[in-house]
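A.B. asks: Structure below; questions to follow.
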Amino acid sequence: MNRTLWKGLVATMWLALPAIALSYWLAWDRLPSRLATHFDAAGRANGWMLPENSFVFGLGVTVVMLVIFTIILTLWRNRGAFSWAMLGFSYVLVGVMVYANDSILNYNLHGNPVRPWPVLIAVVIASVALVAGTLGAKRGEDLPSGPVLAEEVHASPAWGLILGIPAAIELVVTVISRNVGLRIGMGMGAAVLFLAAILAWSGFQYIFSDAGVEVRAFGFRLQSIPVDQIREYAADHWSVLGGYGIRGLGDCRAYVWSNTGVRIKTGTGQVFLGHRDPERIIHDLDVLKQFAH
């Protein structure tokens, strides 16, 4: 992708700052001495600020977001699916800030109701797109069909329980709570935790064939490692600080639910395959390499 175009798209996000400043400037003389700036899920005001504080707060939060997104998007070298998803996610969140500030002004000037639903829907769609872009980035091509030499599963029922228990608690709160905002937040949190719990319980599937290694979850292909890209591999330790599940971006990925596994170095990066018995993965890779030769 043209670097000038990419930089232009990133720079365009910063138009949010003059947009917010202009909206306050046009309404400044008509604003009340105290602005309603915080609302519950039903759109009722439950927090107030001075106009000056509201303006500085809205602009300040937007600046912080813009700086973070600009750094990420500028330093990210590969312009693939993840980059586009991240760019779209950034635009949505910055747009939410512009929309939120405009909604606050309209409520205080004209009494127009503040509707959180467009914001919630936009953030959910952008988050799904970002996750899809993250999973879709660097998956590699489908490996040619061939005989399966070995198949391993790396799962953790313990992590499934650890993630499932708070998910169940959040689900109960979602059902019994009368606060709409709380129900929405808890419901989304419960859905995410339940998905992570199921992933931990069912685990990652490693399929070894004469063409290479495929990593799958829920039957979905997460990544392919062609045999001719495998340079070296060895048992390695995974730090708890690195987290668990699907970790890493771009050329470095990890699929891990334990502190042990095998690190595979390829022609383009590294892949860490978590497993409680790394020697089994080493053996399967040895067989794969021998069969390929």
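A.B. asks: Within the stretch 25-41, does at least one residue satisfy the condition of being open to solvent by less than 40 Å² (accessible area, probe 1.4 Å) and either farther than 17 Å from Tyr99 by Cα or touching a His at 6+ places or on another chain (Cβ under 6 Å) (or both)?
C.D. replies: Yes, the stretch 25-41 contains at least one residue that is open to solvent by less than 40 Å² (accessible area, probe 1.4 Å) and either farther than 17 Å from Tyr99 by Cα or touching a His at 6+ places or on another chain (Cβ under 6 Å) (or both).
A.B. asks: For the stretch 241-255, state whether one or more residues are modelled with pLDDT under 95, in a strand (DSSP E or B) and at positive phi.
C.D. replies: Yes, some residue in the stretch 241-255 is modelled with pLDDT under 95, in a strand (DSSP E or B) and at positive phi.
A.B. asks: Residues that are more than 12 Å from Ser90 (Cβ to Cβ) and surrounded by 13 or more Cβ atoms within 10 Å (Cβ to Cβ): does the stretch 63-75 have at least one?
C.D. replies: Within the stretch 63-75, one or more residues are more than 12 Å from Ser90 (Cβ to Cβ) and surrounded by 13 or more Cβ atoms within 10 Å (Cβ to Cβ).
A.B. asks: Restricting attention to the stretch 261-293, and to residues there that are among the polar types (S, T, N, Q) and either open to solvent by 50 Å² or more (accessible area, probe 1.4 Å) or assigned to a loop (DSSP other than H, G, I, E, B) (or both), which single residue is modelled with the lowest pLDDT?
C.D. replies: Step by step, filter the stretch 261-293, then rank; the result is Thr268.
A.B. asks: I would also like to ask the following. Just to confirm my filter: which helices (runs of 4 or more DSSP H) fall fully inside the stretch 10-113 and include at least 3 residues that are of a type in the set (Ser, Thr, Tyr), on the phi < 0 side of the Ramachandran plot and touching a helix residue (DSSP H, G or I) at 6+ places or on another chain (Cβ under 8 Å)?
C.D. replies: Qualifying helices (runs of 4 or more DSSP H): 51-75, 81-110.
A.B. asks: May I ask you to verify whether Gly187 is in a strand (DSSP E or B) and under 25 Å from Leu161 (Cβ atoms)?
C.D. replies: So Gly187 fails the test.
A.B. asks: Next up: Suppose the filter is of a type in the set (Asp, Glu), farther than 30 Å from Met86 by Cα, open to solvent by 50 Å² or more (accessible area, probe 1.4 Å) and in a strand (DSSP E or B); does Asp236 pass it?
C.D. replies: Criteria met by Asp236.
A.B. asks: A further question follows. Just one of (1) over 19 Å from Pro144 (Cβ atoms); (2) within 18 Å of the chain's Cα centre (by Cα); (3) in a strand (DSSP E or B) trips up Phe194, so point out which.
C.D. replies: The single condition Phe194 does not satisfy is (3).
The values are calculated or read from the model by the stated rules, or taken from the named source; none is laboratory data. Quantities reported herein were computed from a predicted structural model and do not represent experimental measurements. Positions of Cβ are backbone-derived with ideal geometry, glycine not excepted, and every protein chain shown enters the neighbour counts. Each accessible area value is taken on the protein alone, full model and side chains, heavy atoms only, with ligands, DNA and RNA left out. Shrake-Rupley method; radii C 1.70, N 1.55, O 1.52, S 1.80 Å.
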